[in-house]
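Enquirer: The structure follows.
The values are calculated or read from the model by the stated rules, or taken from the named source; none is laboratory data. Since this is a predicted model, take the numbers as computed values, not measurements. Here Cβ is always computed from backbone atoms with ideal geometry, including for glycine, and neighbour counts include all displayed protein chains. The protein model used for the area step is the full one, side chains on, heavy atoms only, and it has no ligands, DNA or RNA in it. Shrake-Rupley method; radii C 1.70, N 1.55, O 1.52, S 1.80 Å.
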Amino acid sequence: MVLVETEAQAWAGTDRERIYSTVPDGLANLALADLAALRDRNVVVVLGVETLPWSGRIHHALLNARVATASFISDYNDTPVSFETLEKTAAELGIDLLLTPTNDTAVGGSSVVVASAGQALLGGNDLRRMLLDPIIREGYLIWLYGEPKSGKSWMAWSIADAVATGNSTLARWKSSEPCDVLLVDGENLPDELAQSIRMVMAGAGRAPGHAPFDIICARSQPEGVIDIAEPIWQDHIKKAAKGKKLVIFDNIQSLTDNRVNVITSLRPLFMDLMNDRIAVLAIDHTNRDGDLQGSITKERLANLSIAIRYPDDEAKEDGRIQVEFPVARRLYGDDAKPFQLKKTFTKDSFVLRVLDDQAPPPPVASERVRRIAQVVFARNHAGLTFEEIKDNYSISPSTAHDYHKAAEKLIGTEKAAFEAELERLIAHRKAEEIPTA
């Protein structure tokens, strides 16, 4: 398939082994066209002087259309070359190839793309590949969090290994064909990180060796640190992520200065990766209430959040963890239900094993959810005032009022955990009211 600037040029095509086509209103509007017919084709784009600056956007649209290959012919090269080669040539000539339109240079003089009634939505026909079914899809943002030593990094390494190796089973999830993965590690010593990955590989039944995915390790850098909130490191990561399907950041606290609004600085990096159909897995910590640090802002951006909790006091000793999905925009039925895993270590291996119970375990209430249940119980079932709640539960009246309102907004596993905790409190009160013989 050869894409040219005008219909006249398409009719003038001379290579009978190729199909010539164009786009209404010019190649710069390629991203607005229905490109389903280009899927799995080898596409050559013939650029004019006016469309050359838009080649970055054209290339991005072709990648989204899942073409087999995309190459370019311009006034500076007579034979088809890759976009990377074209970009290098353009840089030498001082020409900026816009990857995305800016507010003042957008196609048609407008920065807003509107799908009119009856018109195909831009990207609406994209089929995003499932990388780890059913939780990680191309272009997703996933937050994985838990308290210290709960196994977050071990799960992250296991996910990286399963996706990179392909056709693997991890817990209740299955990876597709092998994909390129990048791990950005902020806290582990290189030798210990390498040993941990070898243990994951051995646990998966493969001969341990070098990691099957790319790694940027902070402790291997000259300064020993990485700050992914800084523009220079974001540029490094975006270059290293080219061609990857999954980028894992382990963890947000060690890879940034962990200031309150750090997500504001990370959002451009994450959005750039996601717009390139790269899934982002961010490993993070819990706050003192057992929830994701900065959860409101982070979970608004997320397609999925995965919480790792200890279901009971004995779980820390025997290595049991519970996996829950506080935010699950595209998980349904059994896929969205909590389940338990056992972290199994030997001297040379690590594996996560599913504990096959007859029924899904009840969600584990975080400290915040427990406090919300206490306030609702005290107000709605015990008839206490907010001042009396302060005396009985050491929760200030203003906080108790906020918790009481928050109960109405709980969803997913948090709502289920709240309801289970509230039922427990009610049953306990009834048991105390039963007269003894």
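Enquirer: Taking Pro231, is it in contact with a strand residue (DSSP E or B) (Cβ under 9 Å, 6 or more places away or on another chain) and loosely packed, with under 14 Cβ neighbours inside 10 Å?
Expert: no
Enquirer: Examine segment 367-388 for a residue that is in contact with a Phe, Trp or Tyr (Cβ under 7 Å, 6 or more places away or on another chain), open to solvent by less than 50 Å² (accessible area, probe 1.4 Å) and among the polar types (S, T, N, Q), and state whether such a residue exists.
Expert: yes
Enquirer: Moving on. Regarding segment 195-214, can at least one residue be identified that is in a strand (DSSP E or B), modelled with pLDDT of 95 or more and open to solvent by less than 10 Å² (accessible area, probe 1.4 Å)?
Expert: No.
Enquirer: What is the residue count in segment 399-433 for residues that are in contact with a Ser or Thr (Cβ under 9 Å, 6 or more places away or on another chain) and open to solvent by 100 Å² or more (accessible area, probe 1.4 Å)?
Expert: Qualifying residue count, segment 399-433: 0.
Enquirer: Checking Val327 against (1) more than 18 Å from Gly146 (Cα to Cα); (2) outside any helix (DSSP H, G or I); (3) open to solvent by less than 30 Å² (accessible area, probe 1.4 Å); (4) in contact with a strand residue (DSSP E or B) (Cβ under 9 Å, 6 or more places away or on another chain), which test does it fail?
Expert: Going through (1) more than 18 Å from Gly146 (Cα to Cα); (2) outside any helix (DSSP H, G or I); (3) open to solvent by less than 30 Å² (accessible area, probe 1.4 Å); (4) in contact with a strand residue (DSSP E or B) (Cβ under 9 Å, 6 or more places away or on another chain) one by one, Val327 breaks only (1).
Enquirer: Cβ-Cβ distance below 6 Å, separation of 6 or more or different chains: which pairs start in segment 288-317 with a residue that is touching a residue at least 60 places away in the same chain (Cβ under 8 Å) and end on one that is surrounded by fewer than 19 Cβ atoms within 10 Å (Cβ to Cβ) and assigned to a strand (DSSP E or B)?
Expert: Hits for this filter: Gln293/His285.
Enquirer: Is one or more of the residues making up segment 323-346 under 25 Å from Asp185 (Cα atoms) and among the small types (Gly, Ala, Ser)?
Expert: No, the conditions are met nowhere in segment 323-346.
Enquirer: Let me confirm something: among Val113, Val163, which residue is open to solvent by 30 Å² or more (accessible area, probe 1.4 Å), of a type in the set (Val, Ile, Thr) and either in contact with a helix residue (DSSP H, G or I) (Cβ under 6 Å, 6 or more places away or on another chain) or in contact (Cβ under 8 Å) with a residue 60 or more places away in the chain (or both)?
Expert: The conditions single out Val113.
Enquirer: Name the one entry in Arg320, Arg353, Arg288 that is farther than 17 Å from Trp143 by Cα, surrounded by 17 or more Cβ atoms within 10 Å (Cβ to Cβ) and charged (D, E, K, R).
Expert: Arg320
Enquirer: Touching a Cys at 6+ places or on another chain (Cβ under 6 Å) and open to solvent by less than 60 Å² (accessible area, probe 1.4 Å), is that true of Asp185?
Expert: So Asp185 passes the test.
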